[in-house]
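To start, the structure itself, in structure tokens.
Nothing in this text is a laboratory measurement; each read-out follows from the coordinates by a stated rule. Just so we're clear, the structure is a prediction, and the values are computed from it rather than from any experiment. Virtual Cβ from ideal backbone geometry, glycine too; neighbours counted across all protein chains shown.
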Amino acid sequence: MQQQLEQESAGGRHRELVAFRAAGQDFCIDIMAVREIRGWSPATSLPHAPDFVCGVINLRGSVVPIVDLSVRLGKGPLQQSERNVIIISIIDTQVIGILVEAVFDILSVPESAIQETPDVGKEKARSLIDGIFTEGERMVRLIDLDKLLPQQEKSAA
Amino acid sequence: MANGNDLLDTFYQECEDLLVAMDEGLRELSEGESDPETINAIFRAVHSIKGGAGAFDLTELVRFSHRFETLLDELRAGRMTAEEDLIEVLQFSGDHLGDLVTAARNGEESDTEATERNLGLINKFLGPEKSSDEEVEIEFEPVSFDFDLGLATGGAGRHAITFRPTRDVYQLGHEPFRILRELAELGTLEVTLDASEVPTLDDLDPEENYLSWSILLETESSDQAIQEVFEFVDGLCTLEIRPEGDAAEGAALDTTPFDLAAGSGVSAATTVEPVPAPVEVAAAPEAPVVSEPTGSEPAPPPAAAEAAQAADARDKQGKQKAKGSNASIRVDLERVDKLVNVVGELVIHQAMLFQALENMRLSSGSELATGLDELSQLSREIQESVMAIRAQQIKPLFQRMFRIVREAGAATGKKAVLETAGEMTEVDTAVIEKLADPLTHMIRNAVDHGLEAPDKRVQIGKAETGTIRLSAAHRSGRVAITIADDGAGINRPKVKSIAIEKGLIPADADLTDAEIDNLLFLPGFSTASEVSALSGRGVGMDVVKNAIQSLGGRVTISSRPNEGTSFLVSLPLTLAVLDGMVVEVAGHPMVIPITAIVETLKPPKQDFHGLDSSDWVLSVRGTYVPVVDVGAALGFRTAKDDPTNSVVIIIEDEESSRTALLVDGIQDQRQVVIKSLEENYGHIDGVAAATVFGDGRVALILDPSSLVEQISRVGDPSNGTRIAMEERHAATA
């Protein structure tokens, strides 16, 4: 694995990615979009919210919505566990939290290793994935943060 | 020009202040106050704008403000009197100057047509613009100096100046030394003090000025530049500026230890150099001697002058206070907002500490508890002070409305004056900003729809000129703004027929007067059939209402036939905190703004009456009030079959219609810090904002009116007209 990365590093710019698990799969987002990673704290439910928005939490005075990635991908809600974490990320000026099972690594991946998403799968899930790459035994999916929250809610922000 | 320029930004900020000062002066003038200080204040404001505009090459602004200034100068010099038509032109010019500044600031094309039109008006008083005057003024280019213009005798660049300040110069805190120092920057200066008029100590009035100065200035600057040095003591001194050739005749120069011949030789050598031409080129030939006659008086000895100055400085301070311009600093709003946020956090954390302490079950007398008590008092005090920083007088906003009334009157052919009261009322800056548009619209409406035409007013025995009264006051923790006209009042039959025509209400609707008045707020009410020069912009009263509601405000309307209509806008003092009642809904704590709540009750079972399977009404002292189950409305649970184990909160909306909200319990009443939900998420119907409780959890602040509206959108419109109206309202919203 190490060798493979080094070989390809000559080929392109590297991206630093935070990798995590949700709904039994591996995902990652660009490290520059991550502001902090914090433990699970109870969220306040929002009325009329999409099912994947579990609510809002208080992040040092800001009200931040939490997206359950598992539900967002069309799977059931995340199993409650001590290891669950919220990845606080910034999309443009908007701050949101992504609820995931666990963060497992920080990866440095050359641009060239990231492939386009093959044209299969559920529309809902695929639209979220910006690209995929192989990391050892796993296939890791790169999340398109812009599409995490539905468009009309973002425009209202 | 790029707006990133700091200097330019400062210029525009100053322009804002200057325009306010100008408007205020113009208004005083229009109210018949024509004392010289008022005119001077307007003149200074316009002049300063011109000066700044020149530095930034804003040619149109310079050209216009120059003509405007010239007109003001005529008025100031007493060559014109402030008649009504002149004042009108001055007001239009002031408005246009504001437009030009705004256009320049936004980098937009200015309305040159309007400029020409306005200059035309000014020219009616001044005569046509002199072309040379214009050219020189706009370009600010060095123009080679033509010495045949009457300045020939002494050679260019040498000026003899006699400067004799009156006591007012000191009273207003001016300092001759600074003026002399500024002159020295223009060139070589030779100053002679004439103390000959200083009387003996016995006869000396310490507040009087007995001193005058003779100055010989050798400079490449123009007459204009020299005059500008004296700008701020203009009218407060006797000033003579002469080309040096004439100066030999001046009595003041007799004492000058200056070699005239040698001086002439030097300046003669410099004559070929281009010199910025003076503004008053055209005037110069006839009047090479510029003199501002004001009562001149003899001078005190220096010590007395100093004492007088100190006294005058105090006077000046007092005067400034009276004018309302206290010492102040400009602070970026962002910095204040940051402070507000941090203080909000402080309050939350202090509440957390408090809660933690309670959980430890310490005795209330313990050191920790008393310390924390004091801390909470202090933090509350800090919070209030910080809020006070954000507060601003509503005056600038009100002043803008004078123009709106003027323009609306001109556009509709109606005569209207604006009267304001409570201008010093302080409101949160953000509220003021967001209030500008709705208020403008309401004022326009008042002139356009509220007032009758002048001839009609005369017919029915009213004064020809209608009055719009705009007032602000603090009322029980809110700001109340009233916009009242003395017009015909709402034509209720007409309003009703329009509403029926537009399908806003059923043809057979039986409405009370108040309900008819409130039809004005329905979306789609104001349309093309009543377009005049002013309305028909597609902005109706519904937009006004929405804008005010989004500020957490309410607007109510009242009208009496032939006596007029008045709108009462009630706004929160600040957008940062709110007094709320904490209730529990389906296990979630929520906040209902206290201002919306009329009463809370726990009614007995027999007071609830089912309408159908899920809709209820509650009988409260003989009237039936629709019941809204908050938990169901927010989608947290299905509607309750049995409302009797709930607590009822009666709320009242802008139309004074009441609704009973069902909640599971009342927990507390407290002040909460308002946090935006929109910033990171988006708007939720029925929810105004969020807040953070002492335990760090987020709670939602309900927006009762929108909650009720939302219910009636899906509800059954069987509950009389009111709900039917609301449903349509909501459907079109």
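Quick one, can you get me the convex hull of the C-alpha atoms of the range B:157-228 expressed as volume per residue in Å³?
Details: hull volume 5.9 nm³, N = 72.
So the per-residue Cα hull volume is 82 Å³.
Compute the Cα gyration tensor for the range A:2-151, then decide on rounded, prolate or oblate, letting a ≥ b ≥ c be the square roots of its eigenvalues: rounded whenever a/c is under 1.5, prolate when a/b is larger than b/c in the other cases, and oblate in all that remain.
prolate
Pairwise over distinct Cα atoms, reciprocal of the mean inverse distance: report the Kirkwood radius of the range A:48-108 in Å, one decimal place.
Numbers: mean 1/r = 0.0804 Å⁻¹.
This gives a value of 12.4 Å.
With viscosity set to 1.002 mPa s and temperature to 20 °C, compute the Stokes-Einstein D of the range B:552-681, Rh being the Kirkwood radius across alpha carbon pairs; µm²/s, no decimals. Working shown, then result.
Details: Rh = 16.6 Å.
The estimated diffusion coefficient comes to 129 µm²/s.
Suppose we keep just the alpha-carbon trace of the range B:333-393; what are its Rg and Dmax in angstrom?
Rg, Dmax (Cα atoms, Å): 14.2, 46.
Within a 10 angstrom radius of each residue's Cβ in A:33-43, how many Cβ atoms of other chains show up on average? Whole number is fine.
Details: counts 0, 0, 0, 0, 0, 0, 0, 0, 2, 3, 2.
Taking the mean over all residues of the peptide, I get 1.
Pop out the ³J(HN,Hα) list for the range B:51-56 in order, Karplus 6.51 cos²θ - 1.76 cosθ + 1.60 with θ = phi - 60°, rounded to Hz; leave Gly and Pro as x.
Running phi through 6.51 cos²θ - 1.76 cosθ + 1.60 with θ = phi - 60° gives x, x, 4, x, 5, 9 Hz.
Among A:Glu137, A:Glu101, B:Glu384, rank each residue by its count of other Cβ atoms within 10 Å, from fewest to most, as a rough exposure measure.
Final ranking by Cβ density, sparse to dense: A:Glu137, B:Glu384, A:Glu101.
Using only alpha-carbon positions, what ratio does the radius of gyration of the range B:395-572 give when scaled by 2.2 N^0.38 Å? Let's see the in-between values first.
Values: Rg = 15.9 Å, N = 178, 2.2 N^0.38 = 15.8 Å.
Cα-based Rg divided by the globular estimate yields 1.01.
With the contact rule set at Cα under 8 Å and sequence spacing of 6 or more, what percent relative contact order holds for the range A:2-151? Spell out each step's value before the answer.
Working: 291 pairs, mean separation 41.8, N = 150.
Computed value for the range A:2-151: 28 percent relative contact order.
If you count, for every residue in A:91-100, the Cβ atoms of partner chains within 10 Å of its Cβ, what is the mean?
Values: counts 1, 0, 2, 4, 3, 2, 1, 0, 0, 0.
The mean count of partner-chain Cβ atoms within 10 Å per residue comes to 1.
So if I average 1/r over every pair of distinct C-alpha atoms in the range B:12-73 and take the inverse, what Kirkwood radius in Å does that give?
By the Kirkwood definition, the hydrodynamic radius is 11.7 Å.
Which pairs, out of B:Lys338/B:Lys602; B:Lys462/B:Lys496; B:Lys434/B:Lys640, put more than 31 Å between their alpha-carbon atoms?
B:Lys338/B:Lys602; B:Lys434/B:Lys640
If you project the alpha carbons of the range B:52-124 onto their three principal axes, what span does each projection cover, largest first, in Å?
Principal-axis extents of the range B:52-124 (Cα, largest first): 37, 22, 15 Å.
With N residues in the range B:6-140, what two-decimal value do you get for its Cα radius of gyration over 2.2 N^0.38 Å?
Working: Rg = 13.9 Å, N = 135, 2.2 N^0.38 = 14.2 Å.
Working it through for the range B:6-140, the quotient is 0.98.
Considering just Cα atoms, how many Å³ per residue does the convex hull of the range B:387-440 enclose? Could you put the intermediate results ahead of the total?
Values: hull volume 3.3 nm³, N = 54.
Convex hull of Cα atoms, per residue: 61 Å³.
GluC sites (Glu not before Pro), restricted to the range B:386-426: which are DSSP loop and have at most 16 other Cβ atoms within 10 Å? Each step should come with its number before you reach the end.
Numbers: sites: B:Glu407, B:Glu419, B:Glu423, B:Glu426; in loops: B:Glu423.
Answer in residue order: B:Glu423.
Could you line up B:Arg242, A:Arg83 from fewest to most neighbouring Cβ atoms inside 10 Å? Mind dumping the intermediate values first?
Working: B:Arg242 24, A:Arg83 11.
Lowest to highest Cβ neighbour count: A:Arg83, B:Arg242.
Quickly rank B:682-693, B:30-41, A:43-54 as a protection proxy: mean count of other C-beta atoms within 10 Å, highest first. All intermediate terms of the calculation are to be shown ahead of the outcome.
On the way: B:682-693: 22.1, B:30-41: 15.1, A:43-54: 18.5.
Order by mean packing, descending: B:682-693, A:43-54, B:30-41.
For B:Thr465, B:Thr112, B:Thr595, what's the fewest-to-most ordering of other Cβ within 10 Å of each Cβ? List each step's numbers first, then the result.
Details: B:Thr465 14, B:Thr112 11, B:Thr595 19.
Lowest to highest Cβ neighbour count: B:Thr112, B:Thr465, B:Thr595.
In whole angstrom, note down how far apart the Cα centers of the range B:47-89 and the range B:419-448 are.
Cα centroid to Cα centroid, the span is 28 Å.
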